[in-house]
Amino acid sequence: MGGLRSAPPTFWFYLMQAIIAYRGRCATADDVWFIRTLIETHQGDSRRALSIRLCLAWNWVQPNGHPRDMVCRGLLLSLHRAGHIVLPPARVKCAGRRAVVGVRTIDVDVDRTPVVSTVKQLKPLEILSVRRTEHEQLHDGLIAQHHYLGYTQPVGEHLKYVVLSRGRPIACCTFSSSPRHIGCRDQFIGWDASTRRANINLIAYNTRFLILPWVDVKCLASHVLSKIADRIYADWEALYHHGIYFIETFVDTERFVGTCYKAANWKYLGLTTGRGKDDLTHKVNRSIKAVWGYPLRTDFREILTRVHG
């Protein structure tokens, strides 16, 4: 960074300008200059290795001390796509339009005998938090094979659950870091933009929920959602050293009504705009989603709108 002092005066004005924002972090031209130097100094590094180096340099870590690698990689990719930096070639292959970055194409072999039963008959249910365990691949494989959206690696903090009945998987559920801005959710919580940026890590987003297609059990989905809601605070705190106080999800209104969330006492908050987080056209370009939320504590608003020192 010492070489920056020889830059012309007009460049210093440019250095003061934030040129891109990603998940609450503004990157200035000074940051871009530093990242370019980092890339040039470590030309043999992969994108992931560069991300780790940048996290260490910026002390950009999660509450549990692990680097914010996936978020940092997203920032680097945004800068790369905008032409501010040039990343090394991705060390992955692409299948069609979808890059297989972080996607585990795992074949899992499970008993697919039809299950037509009741929740009571299936008990006792075992709900496993499988993040960083030997069962994580089972979760990923089942989601990849049987969820209509497939499997993609969650970004940021996340938890994965597999639900078993007598040792046999019957459901999977994934929670990840929440989208930074959802209008109806933000209005429901009552926080302003700066408080939202500071406290967004205190809520989690249900990205995938799957009852396996050969399982036909009335009220199972709402029962599983309720059981996970009872324990997710403790599971999140154990892994990331902080709790969460609110969980949310999107329901595609062209496919579903959200019955299981309603039955599990989740609250309907409103609709998305259908434009996506990076929209510049102000035109609908994707399906409208219903937003559902569930407070994990009665004082969730007080906590989420609190300005932390």
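The values are calculated or read from the model by the stated rules, or taken from the named source; none is laboratory data. Since the structure is predicted, the reported quantities are computational estimates derived from the model, not experimental observations. Every residue, glycine as well, gets a Cβ built from its backbone with ideal geometry; the counts of neighbours run over all protein chains shown.
Can you tell me which residue is surrounded by the fewest Cβ atoms within 10 Å (Cβ to Cβ) among those in the range 51-76 that are in contact with a Lys or Arg (Cβ under 8 Å, 6 or more places away or on another chain) and assigned to a helix (DSSP H, G or I)? I'd like the intermediate steps shown before the answer.
Just the residues of the range 51-76 that are in contact with a Lys or Arg (Cβ under 8 Å, 6 or more places away or on another chain), to begin with: 51, 55, 60-62, 69, 71, 73-76.
If we keep only those that are assigned to a helix (DSSP H, G or I) as well, we get 51, 55, 69, 71, 73-76.
Working: S51: 24, C55: 19, D69: 18, V71: 21, R73: 21, G74: 16, L75: 21, L76: 23.
Across the range 51-76, the extreme among qualifying residues is G74.
State the number of residues belonging to the range 168-187 that are assigned to a strand (DSSP E or B) and under 18 Å from the mean Cα position of the chain (by Cα).
First, the residues of the range 168-187 that are assigned to a strand (DSSP E or B): 168-177.
Narrowing the set further to residues that are under 18 Å from the mean Cα position of the chain (by Cα) leaves 172-177.
So the answer is 6.
Could you count how many residues in the range 291-304 are in a strand (DSSP E or B) and out of contact with any Leu (no Cβ under 6 Å at 6 or more places or on another chain)? Spell out how you get there, then give the answer.
We begin by selecting, within the range 291-304, every residue in a strand (DSSP E or B); these are 291-295.
Retained after the next criterion (residues that are out of contact with any Leu (no Cβ under 6 Å at 6 or more places or on another chain)): 292, 294-295.
Adding up the residues that qualify gives 3.
Quick check on my filter: what residues within the range 161-185 are without any contact (Cβ under 8 Å) to a residue 60 or more places away in the chain and surrounded by fewer than 18 Cβ atoms within 10 Å (Cβ to Cβ)?
Selection gives L164, R166, G167, R168.
Could you go through the range 249-259 and let me know if any residue there is surrounded by fewer than 17 Cβ atoms within 10 Å (Cβ to Cβ) and modelled with pLDDT of 95 or more.
From the range 249-259, those surrounded by fewer than 17 Cβ atoms within 10 Å (Cβ to Cβ) are 252-257, 259; that's our starting set.
With modelled with pLDDT of 95 or more added as a condition, the list becomes 259.
Yes, the range 249-259 has at least one match.
Regarding S287, is this residue more than 19 Å from the chain's Cα centre (by Cα) and modelled with pLDDT under 95?
yes
Among the strands (runs of 3 or more DSSP E) confined wholly to the range 189-257, which include 1 or more residues that are closer than 21 Å to V307 by Cα and among the β-branched types (V, I, T)? Full working, then the answer.
Values: elements: 203-211, 215-217, 246-252.
By residue number, 203-211, 246-252.
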